[in-house]
Every structure is written in C-alpha cells, then in structure tokens.
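These notes concern the structure reproduced below.
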Amino acid sequence: MRLSISGLLLSIALLPFVFAVKSQDFKTCSDSGFCRRGRALAARADAAGSSWKSPYSIDPASISTDTSVFFASVRSSLYPEIKFSFEARIHEDGVARIRMDEVGGLRKRYDEAAAWALIEEPRRAKINWVVGKMDTRVQYGHKKEMELKIYHNPLKIVYLRGGREEIVINGDGLLHMEHFRTKQEILEQPDDANNASDESPEAFIENTEQKPFEANPRAWFEGESEDGWWSEQFRTWTDSKPKGPESLSLDIVFPRHNVVYGIPEHATRLALPTTTGPDAVYSEPYRLYNLDVFEYLADSPMALYGAIPLLHAHSTDSTIGIFDLIASETWVDISHPTAKSTKTHWISESGILDVFLLPGPTPNDVFEQYAKLTGPSALPPEWSLGYHQCRWNYISSEDVKTVAQRFDEDDIPFDVIWLDIEYAEDHKYFIWKKSEFPDPIQMISDIASVGRKMVAIIDPHLKRVSSYPVYAEASEKGILIKPASGSGEFEGWCWSGSSSWVDFFHPDSWPWWISLFQPKGNDKTWHWTDSTEDIFIWNDMNEPSVFNGPEITLIKDAIHCGGWEHRDVHNINGMLFHNITSKALISRSAPSKRPFVLSRSFYAGSQRFGAIWTGDNMGTWEHMAVGIPMVLSNGIAGMTFSGADVGGFFGNPDSEMLVRWYQAGAFAPFFRAHAHIDTKRREPFLLDEPYKSIVRSILRLRYTLLPVWYTAFREASVRGIPILRPHYVMFPKDVNGFTIDDQYFLGGSGLLVKPVTQPGINEVQIYLADNQPYYNYYTFDLYRGAESGRHVTVPAPLDTVPLLYRGGSIVPTRERPRRATRLMKHDPITLHVALDKSNSAKGELYLDDGETYANLQGDFIWREFTASTSKGTRIISKDLASIPGNKAVDAELTTYIPSNTFAQSVKDVRIERIVVLGLSKKPRQIKLDNGRILDWSFEDGVSAVGKKEGTTSVLTIKDPAVKITQDWVVNIEE
Ligand code: NOJ
C-alpha cells in the first residue's frame with residue numbers, strides 16, 4: 001500500500017497516545033480536485049458578474065409532460081454533443097423533485113442513492129404543466145399557491161409561493177454536470193465546439209481574465225487546466241480516478257430566507273455560519289463525507305462521521321427545505337448575498353442530480369415532507385431511552401457484574417451496560433474472549449434479570465485470517481469490498497490488524513449477515529451462539545474507518561458490487577451496515593422485537609435503523625457545549641435518536657464537568673456515558689459527594705421524565721417531528737430565536753431546558769419567546785415571557801439543570817426511583833399541570849409494551865389531558881387514539897380498540913397525583929365527575945393570570961383515584 005508497514009505499525013501502536021487534532025490528515029477544499037473546480041467556477045462567475053450565463057439549456061423540441069412529470073433534454077453549449085435528461089416531478093404533498101442525468105455517455109452515473117434513502121416512490125400529484133416558449137410552469141397545492149417555473153434558456157428552476165420566489169436553482173449559473181470523457185478529449189477539441197454554441201463564449205471572455213478563446217473555448221466556464229481530472233494525490237495516496245471527472249456543481253439560492261440549518265454532521269452552531277462572502281465565518285465549505293476524525297475540532301465545518309444532505313432555509317414567512325440526494329462526497333458553501341437572502345453552492349464528486357424541494361411552509365411541514373421521503377425514525381425499545389453505561393472497556397464478566405452491583409448498591413439507575421472491542425478475541429467480532437468472558441449467556445442473563453440489557457460492538461472490518469469463520473465465509477461468498485483492480489479483496493488496517501470489509505451493497509451479504517445473529521440451534525458452526533435476545537449491537541467504524549487509508553477511510557477507487565467505485569457510495573456505506581444489523585436483530589426473535597443498533601456513520605434514512613452518537617468528542621466544556629447544537633441539527637435532519645458521549649470520550653473531566661455533562665446528556669434522546677481506554681474510570685458510583693448524589697438525582701430525573709420522552713419518540717416515529725425542538729421550530733416567526741441553540745424544548749411536552757455548559761455557573765439567562773408564564777421545575781418560581789421575547793434569570797446551582805414548564809402544558813411523570821425502565825411499567829403517573837395565562841393547559845401520554853411491534857396492531861394507550869377554565873377548572877383525560885382521522889395516529893393502524901391487550905395490562909396503573917401550578921384561587925372543593933370528593937392541599941402564590949412573578953401557587957391533588965386508561969374529569973371548584 002501507500003505507507004510502509006513499519007511506519008504503519010508504529011502509527012497504529014501510538015494511535016491513542018500521539019494523535020491530536022490532525023487537520024492535515026483531512027482534506028481542505030483545495031486538496032480535492034472537484035471541490036477546487038467547483039469553487040473556481042463560482043469565482044469565475046463572480047468575476048464575470050451579470051454577464052455570466054449558464055451554458056445549460058432545455059431543448060424546447062424535446063419537452064413532454066404527463067399529469068405529474070415534465071421531461072426534456074438538456075444540453076450545454078460547451079459540449080453540444082453531450083445529452084442530459086431532465087425531469088421535474090411534483091408529489092402529492094407539494095414536494096418537487098428535479099432529476100438530471102447524462103444519457104448515452106461513456107459511462108453511467110450512480111443513480112441508486114434513492115433506492116437506499118427513500119422508503120418508497122412518493123405519490124405524484126395530478127397537475128397541468130403549461131409549456132411556453134421561454135419557460136414551463138405548473139401551479140399546484142390546495143389553493144394553487146405553489147408554482148414551479150422551469151426557464152428553458154438558460155436552464156433555471158424557480159419555486160414560488162404566493163407569487164414570490166423562494167428557491168432558485170441555477171439562477172447564478174453554477175450548474176455543471178461534468179460529462180464522462182476520454183482522456184484526450186480536451187486536446188482534440190471538436191470542430192463544432194464553438195460553432196454549435198448559441199452564445200459566443202467571447203462575450204464572457206471579455207469580462208473575465210481567462211486566456212484567449214483559441215487556447216480553450218470552455219475555459220471561461222471550466223477553467224484552463226484538467227485540474228484533478230484523471231488522478232489525484234493526497235499526501236501519500238493516489239486516487240486513480242479511472243472514470244475521470246464527473247462532478248456536479250449546483251447553486252441553490254433562497255432569496256427570502258436568511259437563516260439555514262441542517263446538513264449534519266458538523267461541530268458547529270445550529271444556524272449555519274457562512275463560508276464565503278466578505279465576512280465569512282469559515283473559510284472552508286461544509287463537507288459531507290463520512291470520516292473518523294480523531295479528536296475533532298469543536299467549531300469547524302470539517303466532515304465528521306455522518307452526512308445528511310438536507311438543508312432548512314428559514315425566515316419569519318416560511319421554512320423550506322432542500323434535500324440533495326447524493327451519496328458521494330459533497331461540499332457546501334453558504335453565503336448571504338444580501339441581508340435577506342442565502343446562497344448555497346453544492347459541489348459533489350459523482351452521481352446524478354436528484355434534488356427535492358420541500359415547500360414547508362412551517363418547520364413541522366418540512367419535517368413531515370422529509371419523513372414521507374426517507375421515513376420517520378423507528379420507535380425504539382423503551383429501555384433504550386434509559387441510561388447507558390459504556391466504556392472502552394469493561395474487560396470481563398466479573399467487571400460487568402461488579403459495575404452493575406455498584407450501581408445497585410448506590411441506588412443509581414441504569415438500563416444498559418456496553419461491551420467495546422476488547423470482549424472479542426483478537427478483535428474478531430462475534431467471538432468471545434473466553435478467558436475473560438467464560439460464560440456470556442450467564443453474564444447477559446444476570447444483567448437481564450431486572451430488565452436490563454447489554455450492547456456489544458460489532459465493527460465492519462473482518463480480521464483476515466482463515467481461522468476466523470466470519471471472514472472465511474465472507475471471502476468464500478465473494479462479498480468483500482474489492483481493491484481498485486476490481487478483483488480480490490481490499491485489504492487495510494483497523495483494530496483487528498490486516499482486515500477486509502464486507503460489501504453490504506452485495507445482495508448476498510444480507511441473508512448471510514442476518515444468519516450470523518440467528519439463535520443457537522441453527523446449523524452453523526460459527527454463528528454467534530453465545531448470545532441471547534438481551535444483547536444488542538453497536539456498529540462502530542462504519543464510515544468506514546481504515547487506519548492506513550486516505551483520511552482514515554477507504555480508498556475512493558475500491559470497488560463495490562455492481563462495479564461502483566467507493567467514491568459513488570461512500571456516504572451511504574455505513575447506513576447499509578446499520579440497516580442490515582437492525583434487520584438481523586428483528587429477525588432473531590419470534591414474534592419480532594424492536595432492535596437497538598447504535599451506528600457512528602449515518603446518512604439520510606438512517607433514522608429508520610436506530611440511534612447514532614456524535615463520535616469521539618473530548619472531555620472539554622467546548623465539546624460539551626457544541627454537542628447540543630450537533631444533536632439538534634441531527635434531529636432536524638431526521639436523525640433524532642442521537643446523543644454525545646457523556647463525559648467526553650477523551651480526557652478525564654473533573655467532577656463539576658462530569659455533573660454538568662450528565663445534565664446535558666439526560667436531555668439528549670440517546671443518553672450514554674462513554675470513555676476512552678486510557679481514561680480513568682468515572683462511573684457515577686465512583687464520584688465523591690455531593691457529586692455522586694447529584695448525578696443520581698439527574699439520572700432519576702431522566703427516568704421520571706421517561707413518559708415524556710417515550711411520547712416524544714412516538715410522535716417522531718409517526719410524523720418525523722424531532723424529539724428536541726429548537727426555538728425556530730417552536731416559534732417560527734420569532735426572529736430572536738433563530739440563532740438560539742443552547743436551549744430547546746423536549747418533544748411537545750412544553751418542557752424547556754438549557755443545560756449548563758460552562759464552569760462556575762450559578763444562574764443562566766433563558767429566552768422566553770412568548771407572552772406566557774413559565775415555571776421553574778425545581779422551585780415553582782414563575783417567570784413571564786413577553787410577546788416580543790424576554791430573557792429571564794434562572795438559578796442554576798450545580799445540583800439542578802435549568803428546566804422550565806411552559807404555561808399551557810401538562811407533563812406526565814413517573815416518580816418512583818427504580819433500577820431500570822422495565823421495573824417502572826406498573827408505576828403510577830403524576831400529572832404536572834402548568835396553567836397558561838388563560839388558565840388552560842394540554843398534554844399527552846403514549847405508552848405501549850415498549851419492545852414488540854404489537855403497537856402497530858393497536859396495542860397501546862394514547863391519552864390527551866386538558867385543563868380549561870369556566871367557573872373553576874376542569875382537568876379532563878380522553879382517549880386520543882379513538883378520535884377518527886387523528887393525524888398523529890399511525891397511518892397503518894386500523895385495529896385500535898380502547899380495551900386492547902396492552903391497555904388491559906396497565907389497567908391498574910393510577911394517576912397518583914395531580915399538581916396544578918398557577919391557579920388563581922384556593923379551591924373550595926375538588927371532585928370527580930362521578931361525585932367523589934378528592935383530597936388536596938394548596939400553597940398560595942403567584943397565579944398564571946396577571947403580571948406578577950415569584951413563587952407560583954401549587955395545588956396538589958392527592959390520589960385522585962383515576963386510572964391512566966380511563967376517561968375522567970376532575971373538577972376544581974372555586
Ligand atoms: C471508536 C469509537 O468512536 C469509540 O467510541 C470506541 O470506543 C472505539 N472506536 C473502540 O471501539
């Protein structure tokens with residue numbers, strides 16, 4: 001390979017110790033030929049100013065339409081002999097899809113990203129295209145408020161709402177689909193290259209500083225040289241680029257939207273800082289290329305482990321989305337040409353053009369539109385919402401047992417204990433290191449005895465030794481990724497030394513991978529016999545990470561099934577592993593149970609297969625802070641089951657930092673502490689007081705709020721609305737909130753949290769976006785928001801996380817401290833009613849068995865609680881699932897009945913307490929609709945109505961004698 005073996009061994013041996021942030025290991029735009037070309041194209045267009053004109057146009061004679069699709073041929077005046085197909089489709093929900101591909105070329109561009117990312121071919125709208133001389137248009141939507149205009153020459157696509165332009169594609173003329181060519185082509189320019197062009201390039205040359213026309217008639221657009229066309233060098237690696245140039249450049253402008261979010265994964269703010277223009281915050285574009293970045297920077301547009309090419313553009317008027325469905329490396333420049341607008345420039349290495357325009361117009365609409373395409377997130381097993389204890393490594397069954405015992409001795413809850421790579425003999429996944437784990441089944445069963453689970457790591461690299469049956473069989477089946485030559489097995493280095501990688505693009509790999517997880521008794525000698533259904537899977541290193549590869553990943557010219565180069569599929573590769581492992585877990589039990597698979601790499605659609613985490617963060621305050629916008633950003637891009645390693649993967653956080661990190665982690669959908677093998681042990685039971693008690697209380701708070709989390713996960717799994725909701729999602733018209741990314745709401749519960757991510761803090765400023773009372777979770781202090789927004793000061797001593805109930809919310813909790821989630825199944829519920837300024841409130845509770853798919857057959861309960869006032873206050877519980885046509889009911893669900901099996905199993909679960917905050921008057925009496933008088937106590941204080949702040953009134957209704965499965969009414973009489 002490209003590195004001497006001794007040098008390689010040395011660097012691997014030293015990996016954990018000497019590698020720091022090594023930016024030089026990773027490409028900048030100028031290290032990458034196609035990115036350089038894309039940026040240079042933009043620079044030439046900029047220099048040419050208004051005289052710049054895209055060479056791409058639609059051939060009017062080729063236009064045809066049917067009820068939903070517009071077809072045409074596109075050509076470029078630079079290469080008139082090359083043909084492109086162009087297609088625009090409108091879906092039933094108003095999403096527009098634009099596709100362009102080279103036809104009849106020397107080779108094919110990769111067009112299978114959609115097959116992996118989309119859940120189905122979306123239904124198309126019936127519409128009427130109006131084909132004119134200059135453009136083709138179509139109006140659609142409920143009131144024909146949306147319009148797509150396709151300008152023929154130059155090609156430009158404009159999406160309008162209410163007659164106003166919201167998205168303009170190729171308005172700046174940066175569209176360029178480099179066609180396949182033979183190496184000599186540029187030298188032998190076709191005779192008619194100039195003549196066939198409708199517009200003389202001279203006009204453009206006059207305005208630029210390009211070389212004279214005779215030298216290269218396309219230089220005004222493509223540049224002078226074949227920059228990085230035929231092969232590329234990065235440090236010691238050569239990319240052979242057998243297909244030559246095939247990159248794709250595209251400008252997408254939002255003339256009326258000046259904030260953009262999304263395109264994770266980057267360690268940066270939620271509202272994406274600019275990368276070009278006079279005041280650009282970053283000098284590099286955002287890079288989407290799944291990479292294992294050791295000790296990544298906490299503020300950077302550098303690529304990380306996942307890539308979701310979905311962008312939200314937002315303004316007080318509307319939210320719209322762009323989903324650029326491409327699997328190859330992509331760079332995105334962002335600038336604000338004016339204070340009101342945003343320009344984005346997408347530069348991808350290979351693949352067809354396949355772009356979706358998501359019309360919104362609200363953030364929730366965009367979420368739903370995106371979920372219709374790539375699927376909502378899977379509803380995970382309920383236990384996976386509990387706390388996960390991980391480290392590299394719990395080294396033996398004894399170690400596992402002791403850790404679990406120590407949690408129990410200190411009364412600290414946890415749900416899952418994890419095994420990192422050292423459980424596997426020589427890092428040969430599936431094979432237990434029997435010296436340390438002599439009886440894995442016993443170990444797993446002991447942990448599972450109180451409903452807890454285990455997770456073990458399985459990476460995609462297979463140790464290349466014939467005695468390792470997993471490798472031997474994959475090799476025999478011919479399902480390993482091939483080197484650039486296209487034959488044999490690609491060989492690289494990872495944890496297991498010399499390794500090969502399963503090619504999950506090979507259809508034969510799927511049944512085989514599934515078979516590895518089949519329970520004992522199958523006719524296999526090497527399947528994972530020593531496991532039970534209580535152990536789940538962690539798919540790490542699936543970018544893939546290749547220690548001796550360029551940028552620590554696979555060479556781009558490696559070959560996958562179907563002859564595709566790795567460059568064509570890189571960003572999808574990790575998702576396939578996640579996908580098939582989750583299918584393997586589903587199929588190992590009958591009836592099927594929900595899988596749990598944590599992946600490091602992800603792409604659009606990964607949300608259907610499990611959770612992800614933000615990789616190898618560092619134990620610093622900076623990394624703790626950036627973890628929040630990273631998780632928010634994943635969430636708005638569909639990947640809502642995500643979290644950051646609590647404590648930081650690297651380093652030894654002090655107790656204060658660890659406490660704050662637990663608080664931040666407890667408010668992330670995926671809540672796991674993890675640590676590098678070289679760090680000191682830092683399990684919560686090892687902390688000194690008062691830190692240990694504080695961490696215990698934050699873990700208990702997580703468990704107390706599990707009903708809220710589960711309800712939010714369920715909504716995400718049906719509608720695609722993220723579990724953590726940033727301000728712009730909750731208050732899309734409040735411009736003050738557009739850049740807020742350090743506080744957020746938990747599902748639709750009305751809980752607003754702002755984790756502390758700095759040392760020595762005793763209070764925080766929280767922004768309240770609306771004119772409602774907000775109540776401190778711990779102190780019952782009432783703060784008032786304002787119509788135009790207002791900051792309030794909330795105490796944040798180390799033992800509390802700043803957490804407010806928004807007035808108008810009803811929050812269900814379970815307040816009995818338990819060791820694990822399953823033990824809470826029959827625990828009673830407390831309702832916290834936080835009244836709004838008109839004395840009303842609303843909340844939801846969704847529960848099911850938490851592990852099977854019986855919920856899809858109608859086995860669940862889904863309640864709505866409301867509080868409303870007219871002569872006293874009435875608190876009502878009703879069955880939401882029974883309301884016909886309810887939007888949030890799973891579309892597949894046809895069989896719901898209120899007395900379903902799950903409802904029966906929890907029919908004795910009571911509401912044990914109702915706490916009402918903000919009542920104006922001490923009640924006279926409280927009774928149920930059936931006349932039963934209830935017991936209560938009242939502490940006077942500030943009411944929800946009015947202007948005062950201070951400690952609010954607290955009414956506690958004790959044991960109201962109602963059940964969670966029942967309809968009931970509690971009357972609070974004045
Ligand atoms: C890299 C992962 O990011 C980290 O979490 C894990 O502990 C190591 N691989 C070892 O498996």
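Every number in this text was worked out from the coordinates using simple rules, so none of it is lab data. All values reported here derive from a predicted model rather than from experimental measurement. No Cβ is skipped: glycine too gets one built from the backbone with ideal geometry, and neighbour counts run over all protein chains shown.
Of interest is the spacing of the C-alpha centroids, which for the range 295-312 and the range 606-620 amounts to 12 Å.
When shorter helices are ignored and each DSSP H run of at least 4 residues is given -39500 (n - 2.57), the per-residue value for the chain at 222 nm works out to -5500 deg cm²/dmol.
Projecting label points 7 angstrom from Cα along Cα→Cβ for GLN966 and ASP879 puts them 1.5 nm apart. Amide H contacts for PHE234 (H built 1.01 Å from N in the peptide plane; partners 5 or more residues away or on another chain; cut-off under 5 Å): ASP239.
Work out the FRET efficiency for ALA40 and THR739 from their Cβ-Cβ distance, taking R0 = 30 Å, and round it to the nearest 0.05.
Rounded to the nearest 0.05, the efficiency is 0.45.
Between SER466 and GLN518, the FRET efficiency from the beta-carbon distance, with R0 = 30 Å, is close to 0.85.
The alpha carbon centroids of the range 455-513 and the range 661-693 are separated by 35 Å. Note on THR28 and ALA215: the model spin-label points, each 7 Å out from Cα along the C-beta direction, lie 2.6 nm apart. When Rg and Dmax are taken over the Cα atoms of the range 758-848, they come to 15.6, 45 Å. In the range 473-603, the convex hull through the Cα atoms has an average projected area of 8.2 nm², a quarter of its surface area. Between SER50 and ASP654, the contour length at 0.36 nm per residue exceeds the alpha carbon distance by 211.7 nm. Calculate, for SER693 and GLN758, the FRET efficiency according to 1/(1 + (r/R0)^6) with r their C-beta to C-beta distance and R0 25 Å; round to the nearest 0.05. E between SER693 and GLN758, to the nearest 0.05, is 0.70.
Normalising by residue count, the range 719-973 has a Cα convex hull of 149 Å³ per residue. Straightening the chain between ASP959 and THR779 buys 62.6 nm, computed as 0.36 nm per residue apart minus the Cα-Cα spacing. Available extension along the chain between SER449 and ASP411 is 12.0 nm, counting 0.36 nm per residue and deducting the alpha carbon span. Divided by 2.2 N^0.38 Å, where N counts the residues, the Cα radius of gyration of the range 364-448 comes to 1.49. For GLU145, neighbours were defined as the other residues whose beta-carbon sits under 12 Å from its Cβ, and their charges (Lys and Arg +1, Asp and Glu -1) total +2. Here the dipole of the chain is about 2860 debye; that uses its Cα centre as origin and unit charges on the Cβ of Lys and Arg (positive) and Asp and Glu (negative). Would you mind classifying the range 586-690 by shape? Square roots of the alpha carbon gyration tensor eigenvalues, ordered a ≥ b ≥ c; an a/c under 1.5 is rounded, otherwise it is prolate if a/b is larger than b/c and oblate if not. Taking the square roots of the gyration eigenvalues as a ≥ b ≥ c, the range 586-690 is prolate. Inter-label distance, GLU87 to LEU928: 6.0 nm, where each label sits 7 Å from its Cα along the C-beta direction.
Cysteine residues of the chain whose Cβ has no partner cysteine Cβ closer than 4.7 Å: CYS390, CYS494, CYS561. Rg over Rh for the chain works out to 0.98, both radii taken from alpha-carbon positions and Rh defined as the Kirkwood radius.
By the Stokes-Einstein formula, at 1.567 mPa s and 4 °C, the range 293-332 with its Kirkwood radius over alpha-carbon pairs has D equal to 103 µm²/s.
Per the Debye calculation on the range 41-178 with a single equal scatterer at every Cα and no solvent contribution, log₁₀ I(q)/I(0) for q = 0.09, 0.12, 0.18 Å⁻¹ amounts to -0.29, -0.52, -1.13.
Farthest towards the positive end of the charge dipole of the range 719-973, among the residues GLY931, PHE902, THR952, is the Cα of GLY931, using unit charges on the Cβ of Lys, Arg, Asp and Glu.
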